[in-house]
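For reference, the structure discussed in these notes is given below.
The values are calculated or read from the model by the stated rules, or taken from the named source; none is laboratory data. All values derive from a computational prediction rather than experimental measurement. We place every Cβ from the backbone using ideal geometry, glycine too, and count neighbours over all the protein chains shown. Please note that ligands, DNA and RNA were not included when accessible areas were found on the heavy atoms of the full protein model with its side chains. Shrake-Rupley method; radii C 1.70, N 1.55, O 1.52, S 1.80 Å.
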Amino acid sequence: MSNQLRAVRGMNDLLPVDAPLWAYFEQTIRDWLKSYGYREMRTPILEHTGLFKRAIGEVTDIVEKEMYTFVDALNGESMTLRPEGTASCVRAAIEHNLLFDGGKRLWYSGPMFRHERPQKGRYRQFHQVGVEALGFAGPDLDVEHLLMTARLWKKLGLADFIQLEINSLGGPESRASHRQKLVEYFTAHADELDADSQRRLQTNPLRILDSKNPAMQALVEAAPKLMDELDEAALGHFAAVKGGLEAAGIAYRVNPRLVRGLDYYNYTVFEWVTDKLGAQGTVCAGGRYDSLVAQLGGKPASACGFAMGVERLLVMLTEAGLAPSPDAPDIYLVNVGEAAERIAMQTAETLRDAGLSVVLHGGGGSFKSQMKKADASQASYAVLIGDDEAAANQVTLKALRGEFGKQPEQQRLALSEVIELLKTDL
Ligand code: ATP
Ligand code: MG
């Protein structure tokens, strides 16, 4: 079978068995974005190479070694499969004058292409959902993006497994003076730098801080901190972002080494990270890029945004047992004993009146055997009625899908309380 045709390495087929999870994710995303007033954009997958060079930066990993770039044989132009979405989104906003009457909240989704070493959670064609707020300068938009991502993790059931890291890169002046200090510091320690970092010392010294080489960690740890160079405006902006997070009760960690791999960021940068995916721990990343619109030829406009890696989130959902099965009902209704059997049918109807899907267990049997059926049905919840529940005019609600080994919860409630709870949860 040596000449069997195969997909390109690092580019995945999406088979019917995978489709329901993607559909569930995409629907969740649409509802969530609508609830914040973001509107969809779709841009071509292919762009002129110059766009990414100008937007992302000539000496970033993406532009230096990860882009699928080729010369169009018909006209000799250099073309690139998009490695990310922000550049195209900003290009299109400028081209179509979208900001003529003020800021715009936009989103996009689709495949991105980077020539990386494929491994779990890292592919050559992968998918992002990205959000951009163009034309907004205030820290309130940075906070909005952090609040909305936090809400999405909650909606997906992943909130307990994803943590927020933030940093501020300051404005161009703080970055310039920090850059100078970094060059002095790393030049003085030039013999301790690995080959990659020696090269970066000339081109992009900030990126040395992002080095994953363990031998470099002590050196990097002691390097001059960008935070110490921030001016009052940058510090004020950062304080407002942190204040917004605290007011909303969202936990975060300031990581002074968070620099991001794209050149266009300034002020706030952030990453949502997990320890559930090994080395590929960042599921969502973004920040502010106030100079990009002007840099790409538009009228100056502040902006911020973020992108999440869809495959990484789907792996998390699957491993946490949170991936819904397409035909799975919301509820499997377990009923044991004569009193329970008498009210089970009406209980199921009441739940269906509230818009929930219910499989009513028929044919009797013990709690244990009925619970086995409930598990096999892949329902999100079991509603249990036994003699006690029937007498008390209550039911027992039991969550069936565990989260990374967490024990499922169980509680006794009135049927109306169950409906209230599940309507917000499902
Ligand atoms: P990493 O440090 O993992 O390479 P990055 O900084 O290059 O990430 P961004 O350009 O910020 O990533 O992209 C946003 C998100 O897209 C990442 O946080 C990640 O979830 C996802 N992502 C990036 N590259 C890949 C890839 N090759 N395969 C799958 N997902 C990816
Ligand atoms: Mg990368």
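Histogrammed with a bin width of 5 Å, the alpha carbon distances of region 153-291 distribute as 2, 9, 18, 21, 18, 15, 10, 5, 2, 0 percent, first bin at zero. Length gained on full extension, Lys155 to Ala188: 6.9 nm, using 0.36 nm per residue less the C-alpha separation.
With R₀ set to 60 Å, the beta-carbon distance separating Phe367 from Asn97 gives a calculated FRET efficiency near 0.40. Put simply, the Cα atoms of region 146-224 extend 49, 31, 20 Å along their principal axes, the longest span coming first. Comparing mean-square fluctuations of Leu384, Leu292, Leu81 from a GNM of the chain with C-alpha springs under 10 Å, the top value falls on Leu384. Placing dummy labels 7 Å off each Cα toward the beta-carbon, the span from Met148 to Lys181 is 3.5 nm.
Simple rule: put +1 on each Lys or Arg Cβ and -1 on each Asp or Glu Cβ in the chain, find the dipole, and look at Gly130, Leu384, Asn3; the Cα lying farthest toward the positive end is Asn3.
For region 307-353, the residue among Ala320, Ala307, Ala339 whose Cα projects farthest onto the positive side of the dipole built from Cβ charges is Ala307. Rounded to whole Å, the principal axis extents of the Cα atoms in region 224-302 read 42, 30, 27, largest first. Projecting the Cα atoms of Leu415, Met371, Tyr265 onto the dipole axis of the chain, where Lys and Arg carry +1 and Asp and Glu carry -1 at the beta carbon, places Tyr265 farthest toward the positive end. Extension gain for Asp210-Glu26 works out to 63.1 nm (0.36 nm per residue, less the C-alpha to C-alpha distance).
Note on the chain: helix-only mean residue ellipticity at 222 nm, from DSSP H runs of 4+ residues weighted -39500 (n - 2.57) and normalised by residue number, equals -11000 deg cm²/dmol.
Within the listed set Val131, Val358, Val63, the Gaussian network model of the chain (springs between alpha-carbon atoms below 10 Å) gives the highest mean-square fluctuation for Val358. Against the chain, whose longest principal axis comes from its Cα atoms, helix 172-188 is set at around 70 degrees.
Largest first, the residues Phe70, Phe161 sort by 1.4 Å accessible area into Phe70, Phe161.
Axis angle, to the nearest 10 degrees, between helix 310-319 and the longest C-alpha principal axis of the chain: 40 degrees. The dipole here belongs to the chain: it is taken about the Cα centre, uses +1 on the Cβ of Lys and Arg and -1 on the Cβ of Asp and Glu, and is about 660 debye. In a fully extended conformation the segment linking Glu409 and Lys120 would gain 100.9 nm over its present Cα-Cα distance, using 0.36 nm per residue. Taking Cα centre as origin and charging only the Cβ of basic (Lys, Arg, +1) and acidic (Asp, Glu, -1) residues, the dipole magnitude of region 336-426 rounds to 340 debye. When only Cα pairs below 8 angstrom with a gap of at least 6 residues are kept, the chain shows a relative contact order of 15 percent.
Over region 293-371, the Kirkwood radius and the radius of gyration, each from Cα atoms, give a ratio Rg/Rh of 1.39. Based on Cβ point charges of +1 for Lys and Arg and -1 for Asp and Glu, what charge dipole magnitude is obtained for region 15-117 about its Cα centre, in debye rounded to the nearest 20? Dipole of region 15-117, to the nearest 20 debye: 300 debye. Across the chain, where is the longest run that never hits GluC sites (Glu not before Pro) in a DSSP loop with at most 12 other C-beta atoms within 10 Å? Free of exposed loop sites, the longest segment is 78-408. Rg and Dmax over the alpha-carbon atoms of region 125-169 stand at 12.5, 34 Å. Projecting label points 7 angstrom from Cα along Cα→Cβ for Thr69 and Ala233 puts them 3.2 nm apart. Helix 19-34 and the long axis of the chain differ in direction by around 70°, with both axes built from C-alpha atoms. Based on the reciprocal of the average 1/r between different C-alpha atoms, the Kirkwood radius for the chain equals 24.4 Å.
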